[in-house]
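S.K.: Here you go, one structure.
The values are calculated or read from the model by the stated rules, or taken from the named source; none is laboratory data. The shown structure was predicted, so the numbers you read here are calculated from the model rather than taken from an experiment. Please note: Cβ atoms are built from the backbone with ideal geometry, for glycine as well, and neighbour counts cover all protein chains shown.
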Amino acid sequence: MRYQLDETTLRDDRQASLLEWMLPTGTGGYAMGTAVTTNTRRYHGHLVVARPAPVNRIVLLSAVEAFVTIGAESYGLSSNQYVGTIHPEGYKHLKSFRVGNFVEWEWEIRGHVIAKRLITHPGQDAVTVGYINRSDSAVSLLLRPLACHKGYHENFRVQDFYPEFIVFPDDRTLITHKGLTLYLDHAGASRTPATGWYYRFERRREAERGLDPIEDLFCPCELRYLLAPGEEIKLVASADDGVEPLDFPDAPPPLRLSDALRRSAVDFLVQVPERTTILAGYPWFADWGRDTMIALPGVCLHTGHVEAAREILRSYAARMHQGLLPNRFVEDGELPEYNTVDATLWFANAIYKTLVHEWDADFAKEALAWLAESMEWHQKGTLYGIKVDPADGLLRQGEPGTQLTWMDAKVGDWVVTPRHGKPIEINGLWINFLRVGEWIAGKLGEDGAAFASAAALAESNFERKFWHPVQGHYLDTADPNDASLRPNQLIAMGLPFSPLSGPNAEAALRKCVDKLLTRHGVRTLGPDEPGYTGRYVGPLAERDAAYHQGTAWPWLLGPLVSAWVRLTGDKARAREILADASVWLSEYGFGGIAEVYDGDEPQFPGGCPWQAWSVAEVLRAWVEDCDGDEVPE
């Protein structure tokens, strides 16, 4: 298996319950929990479905409580956190935990070894849960499924009319509520329809975020099995009728870093009949314009899904309005939100990466038309004050109360980092956008003069506008000027058509590496700057206030490494920066890289456990800039 823990780690419940696993279905749903089986988030569940796909996620089966009887004694296998206590305490008997293409726990009790395995069904809202007796004598197994029908951002509480319908045909239990059925197929079980509520589960990771941590769950029945030595039973939970159980495959071998990153990256790619998209993160993020475009090269191009990349780019282009891509993808009939200045600029970068990876003239012609239309809107002015300044060719943005760059935290009416004016990475991306248009036009034999002249004007003013000789780095924003040391200049440095080069750029790069680079990511503010916050902790309002004020982001390692290799040519140092990625894949969400880390040591992970652009940018930089597939052992 790819990731595993032994009994020493597992029997420290406080620490082991911080380690999470997740298996996606490929349709927007997933199964997710902790290494010790305790659900610590409202988002955890054995079966979380996307209805409608891919982002409207609903928890159907929260967990399965399990007890094994050996002789005359009953022992809990599962663990549930209630207010003030854990019951049962199955983690005390855990021998091992493993996760790869399925997840497995092993318990050892009085010389008996019992294992639980769980696997999601690719392309289906379904999961198979197996229990196997790896002992020399028979044991009795009792299972209690714990069900709910709830939006995954919500808490489930006892209610008088839940479920609306419950049916008990042979070998199956059907729980229906608000038109959605949870099908439990349990062939071979002796079922008792002992319906009832379990009260006051405590989701302590929600309490840490200052949110309501209390939930109730509904048990529709008890399932009893007599397991002979070596015998395995399977329970299938599904949102569709007639789903057959899956066999568990052989455990995969350990992977080299590039392949482990690819395996992680592809989990964010969702393909449903309606569309193909990239989810920004599991468990709680949807598909957003900015995140999608930044993550697309890693998620699609470096995992062999080039056609999916083109489909995603076309789907966003179809929703372009006044030259802007939506900040949040919406379904037909919904009102999109266009409060982003950089999603469209990253869109051009994703187009360039896709065409470099695999040239497609028909797609290039489509893309050139999109970029030409968008350029015209940026030049004459579009939403939220986004407009090219004709005096210097640079892009201005911002209106009161808005946050349009990737540093978009807002607490109530307080925009933490508004960055109004001319942000450095926005203008690096703007020049990159224009040069991409010129490049495509040249490849097609068409006139790219409009792109080229606009780029030349902006480039001729970039260094003068942003370089701060006293500080020895670039301004974060110009007009008005903000000389705070932030990593956004690294984004501008790392682009394919970056406007930054020469001694000033290299000096600023080295200062950013010295002050902002950490073992797990890049700080969003220099530690010597006013307002620096080195801990990402507390209720949501406090976390949002720290989000871009010193918190370290792994995704920024991608631009930093690209900038480092581009400006210094030192690939060995670049590989050193990313060398711990295998550790990042196993210290928060197994097989994922966290959204953020503390800026200060010791750096604890936080935010979303599986963040698309964290994985995607580390993968992209490792392969493109570090020759990651070719590094000798």
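S.K.: Can you say whether Ile440 is over 24 Å from Glu529 (Cβ atoms) and either β-branched (Val, Ile, Thr) or touching a residue at least 12 places away in the same chain (Cβ under 8 Å) (or both), as far as the supplied structure shows?
M.R.: So Ile440 passes the test.
S.K.: From (1) closer than 30 Å to Lys443 by Cβ; (2) touching a strand residue (DSSP E or B) at 6+ places or on another chain (Cβ under 7 Å); (3) among the charged types (D, E, K, R), pick out the condition that doesn't hold for Arg419.
M.R.: All conditions are met except number (1).
S.K.: Pairs needed: first member in the stretch 401-417, of a type in the set (Gly, Ala, Ser); second member anywhere, outside any loop (DSSP other than H, G, I, E, B); C-beta distance under 7 Å; at least 6 residues apart or different chains.
M.R.: Short answer, once both residue conditions are applied: Gly401/Val415; Ala409/Asp544.
S.K.: Right, next: Look at Glu438 and say whether it is touching a Phe, Trp or Tyr at 6+ places or on another chain (Cβ under 9 Å) and of a type in the set (Asp, Glu).
M.R.: On the way: touching a Phe, Trp or Tyr at 6+ places or on another chain (Cβ under 9 Å): yes; of a type in the set (Asp, Glu): yes.
So Glu438 fits the description; yes.
S.K.: Being buried (at least 22 other Cβ atoms within 10 Å of the Cβ) and more than 14 Å from Ser498 (Cα to Cα) is the filter here; which residues of the stretch 449-463 pass it?
M.R.: Selection gives Phe451, Ala454.
S.K.: Next question, about the same structure. So which of Glu358, Glu376 is exposed (fewer than 14 other Cβ atoms within 10 Å of the Cβ), in contact (Cβ under 8 Å) with a residue 12 or more places away in the chain and farther than 23 Å from Arg319 by Cα? It would help to see each step written out before you state the result.
M.R.: On the way: Glu376 fails: farther than 23 Å from Arg319 by Cα.
Just a single option satisfies the conditions, and that option is Glu358.
S.K.: On the given criteria, is Val139 of a type in the set (A, V, I, L, M) and buried (at least 19 other Cβ atoms within 10 Å of the Cβ)? First the steps, then the outcome.
M.R.: Working: of a type in the set (A, V, I, L, M): yes; buried (at least 19 other Cβ atoms within 10 Å of the Cβ): yes.
Considered against the rule, which asks whether it is of a type in the set (A, V, I, L, M) and buried (at least 19 other Cβ atoms within 10 Å of the Cβ), Val139 comes out as yes.
Results for (1) in contact (Cβ under 8 Å) with a residue 40 or more places away in the chain; (2) assigned to a helix (DSSP H, G or I), shown as yes or no for each residue.
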| site | (1), (2) |
| --- | --- |
| Pro559 | yes, yes |
| Trp564 | yes, yes |
| Leu567 | yes, yes |
| Arg573 | no, yes |
| Gln603 | yes, no |
| Ser614 | yes, yes |
| Val623 | yes, yes |
| Cys626 | yes, no |
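S.K.: Would you mind finding the one in Leu325, Leu404 that is assigned by TED's automatic domain parsing to the domain that holds Ala616, modelled with pLDDT of 95 or more, within 23 Å of the chain's Cα centre (by Cα) and more than 28 Å from Ala449 (Cα to Cα)? Reasoning before the result, please.
M.R.: Numbers: Leu325 fails: more than 28 Å from Ala449 (Cα to Cα).
Going through Leu325, Leu404 in turn, the sole match is Leu404.
S.K.: A further question follows. Within the stretch 165-180, is there a residue that is in contact with a helix residue (DSSP H, G or I) (Cβ under 6 Å, 6 or more places away or on another chain) and either aliphatic (A, V, I, L, M) or under 23 Å from Asn39 (Cα atoms) (or both)? Reasoning before the result, please.
M.R.: Pass one, the stretch 165-180, residues in contact with a helix residue (DSSP H, G or I) (Cβ under 6 Å, 6 or more places away or on another chain): none.
No, the stretch 165-180 has no match at all.
S.K.: For Asp212, indicate whether it is farther than 30 Å from Ile577 by Cα, in a loop (DSSP other than H, G, I, E, B), touching a helix residue (DSSP H, G or I) at 6+ places or on another chain (Cβ under 9 Å) and modelled with pLDDT of 95 or more. Walk me through it before giving the result.
M.R.: Numbers: farther than 30 Å from Ile577 by Cα: yes; in a loop (DSSP other than H, G, I, E, B): yes; touching a helix residue (DSSP H, G or I) at 6+ places or on another chain (Cβ under 9 Å): yes; modelled with pLDDT of 95 or more: yes.
Spelling it out, Asp212 is indeed farther than 30 Å from Ile577 by Cα, in a loop (DSSP other than H, G, I, E, B), touching a helix residue (DSSP H, G or I) at 6+ places or on another chain (Cβ under 9 Å) and modelled with pLDDT of 95 or more.
S.K.: Let me ask something additional. With assigned to a loop (DSSP other than H, G, I, E, B) and buried (at least 17 other Cβ atoms within 10 Å of the Cβ) as the only criterion, which of Val36, Val68, Val59 stands out? Walk me through it before giving the result.
M.R.: Working: Val68 fails: assigned to a loop (DSSP other than H, G, I, E, B); Val59 fails: assigned to a loop (DSSP other than H, G, I, E, B).
Exactly one residue qualifies, and that residue is Val36.
S.K.: Exactly one of (1) farther than 23 Å from Arg205 by Cα; (2) of a type in the set (A, V, I, L, M); (3) in contact with a strand residue (DSSP E or B) (Cβ under 7 Å, 6 or more places away or on another chain) is unmet by Val99. Its number?
M.R.: Tallying (1) farther than 23 Å from Arg205 by Cα; (2) of a type in the set (A, V, I, L, M); (3) in contact with a strand residue (DSSP E or B) (Cβ under 7 Å, 6 or more places away or on another chain), Val99 fails exactly one: (1).
For every residue, the table says whether it meets (1) hydroxyl-bearing (Ser, Thr, Tyr); (2) over 25 Å from Val266 (Cβ atoms); (3) within 21 Å of the chain's Cα centre (by Cα).
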position: Asp528; (1), (2), (3): no, yes, no
position: Val537; (1), (2), (3): no, yes, yes
position: Leu540; (1), (2), (3): no, yes, yes
position: Leu557; (1), (2), (3): no, no, yes
position: Ser562; (1), (2), (3): yes, no, no
position: Tyr588; (1), (2), (3): yes, no, yes
position: Trp610; (1), (2), (3): no, no, yes
position: Trp613; (1), (2), (3): no, no, yes
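Conditions (1) among the basic types (Lys, Arg); (2) on the phi < 0 side of the Ramachandran plot; (3) crowded, with 18+ Cβ neighbours inside 10 Å, marked per residue:
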site	(1), (2), (3)
Arg314	yes, yes, no
Gly323	no, no, yes
Asn349	no, yes, yes
Thr382	no, yes, yes
Gln397	no, yes, yes
